[in-house]
Amino acid sequence: MLKAAPRVADIAPFHVMELLAKAQALEAEGRDIVHLEVGEPDFPTPETIVAAAQAFLAGGRVPYTSALGLPELRQAISDFYRSRHGIAVPASRIVVTAGASGALLLALACLARPGGEWLLTDPGYPCNRHFVRAFEGVPVSIPVSAAKHFQLGAADLAAHWNERSVGTLLASPANPTGTLIPPAELAAIADFVRSRDGALIVDEIYQGLCFDTDAQTALALGDACSENLFVVNSFSKYFGMTGWRLGWLVVPEAFVRDLEKLAQNLFIAPSTIAQHAALAAFAPETIAICEERRAEFCRRRDFLLPKLEELGFVIPARPDGAFYLYADCSRFTDDSQRFAHALLEKVGVAVTPGIDFGSHQAERHLRVSTTSPIERLGEAVERIRYFLGTV
Ligand SMILES: Cc1ncc(COP(=O)(O)O)c(C=O)c1O
């Protein structure tokens, strides 16, 4: 009997999808559900971007672009690094991809090898370990604690590095915790990885959505690190373009040709419509819209975090960015998955159980997204208060 390859058995589904299906079934019955489980902004794509796509489509011709992306868009991303971060990233090193997902896929298609180990955080973005596994690599998930902002440091990497290690894949700010890697730690990580001739992949998809400080891109570490460093970013979150499927990958100069070959074969090219739309993403009018949304996500964090703490949840690491609160619910339960299902069934509040992000203390954590307006977050708080009175 034909069976899927063994690696597929190691790829876990999103547990939250089960919860989402249940939420949708309840909505179909007429129940009002507050969605705090989603991982995408609740805002529409900025109208400037939509207008650019419409204007392009009106021309009627939608051909493939170069596998590395539209030259104008690669240049626009390079210009953005200069204007936003004050650093020079040549357009030649920028590969436009199908979202951060496409960027991660390409980077790992290029770097992963059978049996080669990749150091990852637990908790962390779940797809990372599955991308590694899909290319026959070995994900090594290292438990990270709130005391270290749920991030790995150079010392952790040194403790786990061995002759099979190929690299590490980190996110800053991270999903599900929203925490940043401090710049000095990132520099130490880059030094360590380079000293081992390893690969450092830094996923900066939430970097546009930082609140208290403007996050520094790993690319600011300079030329000394550029031979080992792959930086992932996306139009999905800050630019509100999740469904357009567009992101980018900054690669060392020496890898551009390899990435081009892979991109040609795997995708031919990223979406032409999305790329033309994204040309409007860096216009001042668009940035103004995105900045207003960033401020709104910050207001939501500042609203919801103390309210959840007041209810008895513990949020041990204040998120620096993104739109998530990683909340310890151990005061109420030792099974966050059962808790999340009960919360949904009894009071119609959907949150993501920790198990979606790894196994380290997953049963005592929930991820709460701030992807609903403040009134709805307030409604969720009242419903959770009522629910806690009944458990
Ligand atoms: C940390 C992280 N990386 C990558 C992705 C994938 O994003 P994209 O829509 O750009 O493929 C996500 C999506 O939630 C994410 O949270």
Checklist entry - Which of the residues that make up the stretch 145-170 are within 17 Å of the chain's Cα centre (by Cα) and of a type outside the set (S, T, N, Q)? => result His149, Phe150, Leu152, Leu169, Leu170
Checklist entry - Right, Tyr206: within 23 Å of Ser271 (Cβ to Cβ) and in contact with a Leu (Cβ under 8 Å, 6 or more places away or on another chain) or not? => result no
Item to check | Breaking point among (1) at pLDDT 95 or above; (2) more than 20 Å from Phe131 (Cβ to Cβ); (3) surrounded by fewer than 24 Cβ atoms within 10 Å (Cβ to Cβ), for Gly198 | outcome: (2)
Next on the checklist: Among the residues of the stretch 189-197, are any within 16 Å of the ligand (Cβ to nearest atom), over 15 Å from the mean Cα position of the chain (by Cα) and of a type outside the set (Lys, Arg)?
Outcome noted: no
Checklist entry - So which of Gly208, Gly137, Gly124 ends up being within 23 Å of Ile355 (Cα to Cα) and under 13 Å from the mean Cα position of the chain (by Cα)? => result Gly124
Checklist entry - Which numbered condition trips up Ala218, out of (1) of a type in the set (Gly, Ala, Ser); (2) surrounded by fewer than 21 Cβ atoms within 10 Å (Cβ to Cβ); (3) touching a strand residue (DSSP E or B) at 6+ places or on another chain (Cβ under 6 Å)? => result (2)
Checklist entry - Within the stretch 85-107, restricting attention to residues that are small (Gly, Ala, Ser) and within 14 Å of the ligand (Cβ to nearest atom), which residue is surrounded by the fewest Cβ atoms within 10 Å (Cβ to Cβ)? => result Ser101
Item to check | Condition met for Val232 (of a type in the set (A, V, I, L, M), within 9 Å of the ligand (Cβ to nearest atom) and touching a residue at least 60 places away in the same chain (Cβ under 8 Å)) | outcome: yes
Checklist entry - Could we say that Ala215 is within 16 Å of the ligand (Cβ to nearest atom), modelled with pLDDT under 95 and not polar (S, T, N, Q) here? => result yes
Item to check | Any chance Glu227 is in the same structural domain as Thr179 (by TED's automatic domain parsing), charged (D, E, K, R) and within 16 Å of the ligand (Cβ to nearest atom) | outcome: no
Checklist entry - What is the number of the single condition among (1) in contact with a Ser or Thr (Cβ under 6 Å, 6 or more places away or on another chain); (2) more than 16 Å from the ligand (Cβ to nearest atom) that Met241 does not meet? => result (2)
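The values are calculated or read from the model by the stated rules, or taken from the named source; none is laboratory data. Quick caveat: nothing in here was measured; it's all calculated off a predicted structure. Neighbour counts run over all protein chains shown; Cβ positions are idealised from the backbone, glycine included.
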